[in-house]
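Data block below; observations after.
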Amino acid sequence: MAAAAAATAAAAASIRERQTVALKRMLNFNVPHIKNSTGEPVWKVLIYDRFGQDIISPLLSVKELRDMGITLHLLLHSDRDPIPDVPAVYFVMPTEENIDRMCQDLRNQLYESYYLNFISAISRSKLEDIANAALAASAVTQVAKVFDQYLNFITLEDDMFVLCNQNKELVSYRAINRPDITDTEMETVMDTIVDSLFCFFVTLGAVPIIRCSRGTAAEMVAVKLDKKLRENLRDARNSLFTGDTLGAGQFSFQRPLLVLVDRNIDLATPLHHTWTYQALVHDVLDFHLNRVNLEESSGVENSPAGARPKRKNKKSYDLTPVDKFWQKHKGSPFPEVAESVQQELESYRAQEDEVKRLKSIMGLEGEDEGAISMLSDNTAKLTSAVSSLPELLEKKRLIDLHTNVATAVLEHIKARKLDVYFEYEEKIMSKTTLDKSLLDIISDPDAGTPEDKMRLFLIYYISTQQAPSEADLEQYKKALTDAGCNLNPLQYIKQWKAFTKMASAPASYGSTTTKPMGCDTHGSRNSQDPSV
């Protein structure tokens, strides 16, 4: 599928900041939110669908929502009780199903007033459906505002976004490359991608320069996006790029560059095992929308014979830009991360011991001037230590978080020998001689899962300049089958190489230069891939 990367040249604010500002403005009834306002916020409820939930959750915490006056946040299609004296802010996709449910809310008189915000632009016919429902329910005056928000993308970091999370299998490499895909389905996929990219640039407040590879899905996206941008810019009075709230992006001499590349240009990299912290978390753990979910055993190891197996505790951790340790080390090799966790723990313990020592000194008995002077001096130190206690507790929370996450990653590395896979794949992609034959690794029952073995072999098959002979290929197939691998991916890659007439891979995929250092310590898949 097409991959999108936008360089926001000379942007005054990151896309994360811009989308957060847009969301806060929406939650403030589409009036700019003033940070230092001392007045009480207007209390309201937030109604969103799954798409809206995915957009908001990486950007605004529950506390921030409460600060904005959100007392409840509920899914549109959940069972909701009437709250007739409170305004409701809706944030949903303009789908037929959602419009029907909103019309039902109007008929049931659930809220005092309705602020309808659509993630993407709503069509005129659906807008008329809402108007008819409001008329029938005598609720026209209660529909306070209707806005197209153009926020149909999910921002995960300051400079990285993804186009969707819900129904993502419908907008994927597989969806575009299915042999039985119809023209109508392809058009739907392209329109979905174009709408999200258009929303991104509206939020950014800039008109991009578009470059793409020819004769691929990337070109289809580029042509459609170019047409949509031009149609919007043609009407200067209604252009989304001239409003005061977004800034005059098109008047800047420095415009962002949007590069659209077909995923087929490099199929080896997404299969590659990695060695940096963020990418490993993404690869081996349940990590979605900046939240990692871990399963932990509940504790008692020696259960009596015949006892019911223990339930596992589930824990969730948010890995966000606010987390300084994550920001600093997410791109670091895993062993370095483990070392940094240990250093942070030692630093925390030293500070904790200092507080305990000062408390002990406070019990000092003595009336000589030296003792009184020491008491006074240590009182000041203790006061300083106590004032920094919230910061110390937050530091302890982050240490515990990353200790648990790094330990979970380490268990996967040891169980699956991921350091070996990383090193061998690096050598294959950079055309370096292997220390051990590929067949030996695939045949090793203790090295990795069937998926790991298949990923390794596919990288070899894609990267090798001379495809293996039929006899060798049959030998590899037998080893893969014996290891429990599904051979369908190999069959696809064979057909793909034949179809594209790729006798050999590019000269070199390049090496990450990161070497796996001893895995007895505490490491990220190739960072969250912003591929669409």
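The values are calculated or read from the model by the stated rules, or taken from the named source; none is laboratory data. None of these values were measured; they are calculated from a predicted model. So basically every Cβ, Gly included, is an ideal-geometry build from the backbone, and we count neighbours across all protein chains shown. Surface areas here come from the heavy atoms of the whole protein model, side chains and all, with no ligands, DNA or RNA. Shrake-Rupley method; radii C 1.70, N 1.55, O 1.52, S 1.80 Å.
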I'm trying to understand the selection: among the residues of region 165-198, which are under 22 Å from the mean Cα position of the chain (by Cα) and assigned to a loop (DSSP other than H, G, I, E, B)? ASN165, GLN166, ASN167, VAL171, SER172
Residue list for region 225-239, restricted to those being farther than 16 Å from LEU257 by Cα and either under 26 Å from the mean Cα position of the chain (by Cα) or among the polar types (S, T, N, Q) (or both): ASN232, ASN238, SER239
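Conditions (1) surrounded by 12 or more Cβ atoms within 10 Å (Cβ to Cβ); (2) farther than 14 Å from GLU157 by Cβ; (3) of a type in the set (Ser, Thr, Tyr); (4) at pLDDT below 55, marked per residue:
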| position | (1), (2), (3), (4) |
| --- | --- |
| VAL284 | yes, yes, no, no |
| GLU301 | no, yes, no, yes |
| ALA307 | no, yes, no, yes |
| LYS312 | no, yes, no, no |
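Conditions tested, residue by residue: (1) closer than 20 Å to VAL337 by Cα; (2) among the polar types (S, T, N, Q).
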position	(1), (2)
LYS396	yes, no
LYS414	yes, no
TYR424	no, no
SER430	no, yes
LEU490	no, no
Flag for GLN495 being open to solvent by 70 Å² or more (accessible area, probe 1.4 Å), modelled with pLDDT of 75 or more and in a loop (DSSP other than H, G, I, E, B): no
Options GLU394, GLU423: the member that is at pLDDT 90 or above, assigned to a helix (DSSP H, G or I) and acidic (Asp, Glu): GLU423
Against the condition at pLDDT 90 or above and more than 20 Å from LEU267 (Cα to Cα), how does ALA479 come out, does it pass? yes
Sole exception among (1) open to solvent by 50 Å² or more (accessible area, probe 1.4 Å); (2) within 30 Å of THR155 (Cβ to Cβ); (3) at pLDDT 90 or above for LYS330, by number: (1)
Scan region 157-170 residue by residue and report those that are of a type outside the set (S, T, N, Q) and either under 14 Å from PHE51 (Cα atoms) or surrounded by fewer than 20 Cβ atoms within 10 Å (Cβ to Cβ) (or both). GLU157, ASP158, ASP159, MET160, VAL162, LEU163, CYS164, LYS168, GLU169, LEU170
Return the residue satisfying two criteria in turn: it lies in region 85-104 and is over 19 Å from LEU27 (Cα atoms) and over 27 Å from the mean Cα position of the chain (by Cα), and of such residues it is surrounded by the most Cβ atoms within 10 Å (Cβ to Cβ). ILE99
Return the total of residues in region 68-84 being of a type in the set (A, V, I, L, M, F, W, C) and open to solvent by 50 Å² or more (accessible area, probe 1.4 Å). 1
Residue by residue through region 1-52, note down the ones that are more than 30 Å from ALA217 (Cα to Cα), at pLDDT 65 or above and among the polar types (S, T, N, Q). THR20, ASN28, ASN30
